[in-house]
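A short write-up of the structure that comes next.
The values are calculated or read from the model by the stated rules, or taken from the named source; none is laboratory data. Being a predicted model, the structure only gives us computed values, none of them experimental. Virtual Cβ from ideal backbone geometry, glycine too; neighbours counted across all protein chains shown.
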Amino acid sequence: MSTETEPLLRVRGLTKHFPVREGFRAKGAVRAVDGLDFDVRPGETLGLVGESGCGKTTTGRMLVRLLEPTSGSIEFAGRDITHARRGALRPLRQDLQIIFQDPYASLNPRHTVGRIVAMPLQVNGINPPGGIKKRVQELLELVGLNPEHYNRYPHEFSGGQRQRIGIARALALRPKLIVADEPVSALDVSIQAQVINLLRDLQRDLDLAFVFIAHDLAVVRHFCHRVAVMYLGKIVEIGDRDDIYQRPQHPYTRALLSAIPDVTTLGPAGRIRLTGDVPTPLNPPSGCRFRTRCWKAQERCATEEPALVPQDGGNQATACHFPETGTISQGAGPAAVTAEEVSK
């Protein structure tokens, strides 16, 4: 993937804080997303990975403006859409779509599949050649469904088929970028592979860009060109897929990768076990947010927040004062890390 292409999506300092109130008094704010910087180029897939609660889904919803950012900027195709109103966003919806995690909750059970997929066309006043019904049937066939199922309802389909309906709806307006919010996490493993292969084929044929939100690192490696690792509302490492998976520099990235099952070994060899709870985003740790669970934490980590910068002049950026070196095959780290063994 060429890095010389002008970014389709440019995110700078993106922040989302949810206020917490006790009665009429402001008690604080949950810092769900706390300053993200990244780009997505045409035809590229950026994977957002991390533990549950790290801010992945909140980020995806802000990108398509289902949530209003607290601060920062979102530029899409050279246009600032950070605080664009509904009227200004409507023409952009044709180029920016989302696939939701739950393939059943995201579909109206009272509407037929034909009406669900046709809705984006009708809302935007688009009447394609041959009519809306023909276009919807073409979309159903494109995602591997029978066009004759046009008049069926969502409950008549399996989970994988329902997710294909959601993909068809997202493709209706021929978008340039799709935010896929854990699109296969609710599906069986065999169905996951089919849906991921479908998305890869659609990306190749339609020149789509993706922001792919997931917690399954094996799926991310199969589908994404670049990977951004999130922890407690911040990106701690970002880079090309091969760099992240073969030469991870942030201790948290190493811990995540060590959890990927390896059928060639028996037992937890090389597994980094992070104990202790993830700190609350209502009151995150000072300095490096990962320091309370990190085996490399020192006094500097508590007083100085590390910047997300390239450590060796390359394209892989890491927010760590004491980054890891070497490839993942050389050992990810200690077999277990306890809360008592890290610096406070």
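Brief remarks on what is shown
- Taken over the range 64-105, the residue count meeting the criterion of being under 13 Å from VAL11 (Cα atoms) and either touching a residue at least 60 places away in the same chain (Cβ under 8 Å) or of a type in the set (A, V, I, L, M, F, W, C) (or both) is 9.
- Residue in the range 130-143 that is farthest from LEU202 (Cα to Cα), counting only those that are in contact with a helix residue (DSSP H, G or I) (Cβ under 6 Å, 6 or more places away or on another chain) and of a type outside the set (S, T, N, Q): ILE132
- Restricting the range 204-256 to residues that are among the small types (Gly, Ala, Ser) and touching a Lys or Arg at 6+ places or on another chain (Cβ under 7 Å) leaves a set whose member that is nearest to GLN316 (Cα to Cα) is GLY239.
- Any hit, the range 156-167, residues being of a type in the set (Phe, Trp, Tyr) and under 27 Å from LEU92 (Cβ atoms): no
- For the range 109-139, the set of residues classified as within 20 Å of LEU187 (Cα to Cα) and in contact with a Lys or Arg (Cβ under 8 Å, 6 or more places away or on another chain) consists of VAL113 only.
- Filter result for the condition that a residue is within 20 Å of GLN97 (Cα to Cα), touching a helix residue (DSSP H, G or I) at 6+ places or on another chain (Cβ under 9 Å), buried (at least 16 other Cβ atoms within 10 Å of the Cβ) and of a type in the set (Lys, Arg), over ARG164, ARG174: ARG164
- Inter-residue pairs, beta-carbon under 8 Å, first more than 17 Å from PRO285 (Cβ to Cβ) and in the range 299-328, second loosely packed, with under 11 Cβ neighbours inside 10 Å and modelled with pLDDT of 90 or more, 6+ apart: ALA317/VAL309; THR318/VAL309
- The range 26-53 residues that are under 17 Å from GLY239 (Cα atoms), paired with ones that are basic (Lys, Arg) and surrounded by fewer than 22 Cβ atoms within 10 Å (Cβ to Cβ) (beta carbon under 8 Å, 6 or more apart): ASP37/ARG12; ASP39/ARG10; PRO42/LYS176; GLY47/ARG241
- Condition met for GLU44 (charged (D, E, K, R) and crowded, with 22+ Cβ neighbours inside 10 Å): yes
- Qualifying positions in the range 313-344 - modelled with pLDDT under 90, within 28 Å of the chain's Cα centre (by Cα) and not in a loop (DSSP other than H, G, I, E, B): ILE328, SER329, VAL337
- Candidates VAL263, VAL179, VAL219, VAL236, filtered to the one that is of a type in the set (Val, Ile, Thr), within 30 Å of CYS294 (Cα to Cα) and at pLDDT 95 or above: VAL236
- Selection over the range 195-208 of residues that are under 25 Å from LEU14 (Cβ atoms) and surrounded by 21 or more Cβ atoms within 10 Å (Cβ to Cβ) gives a count of 2.
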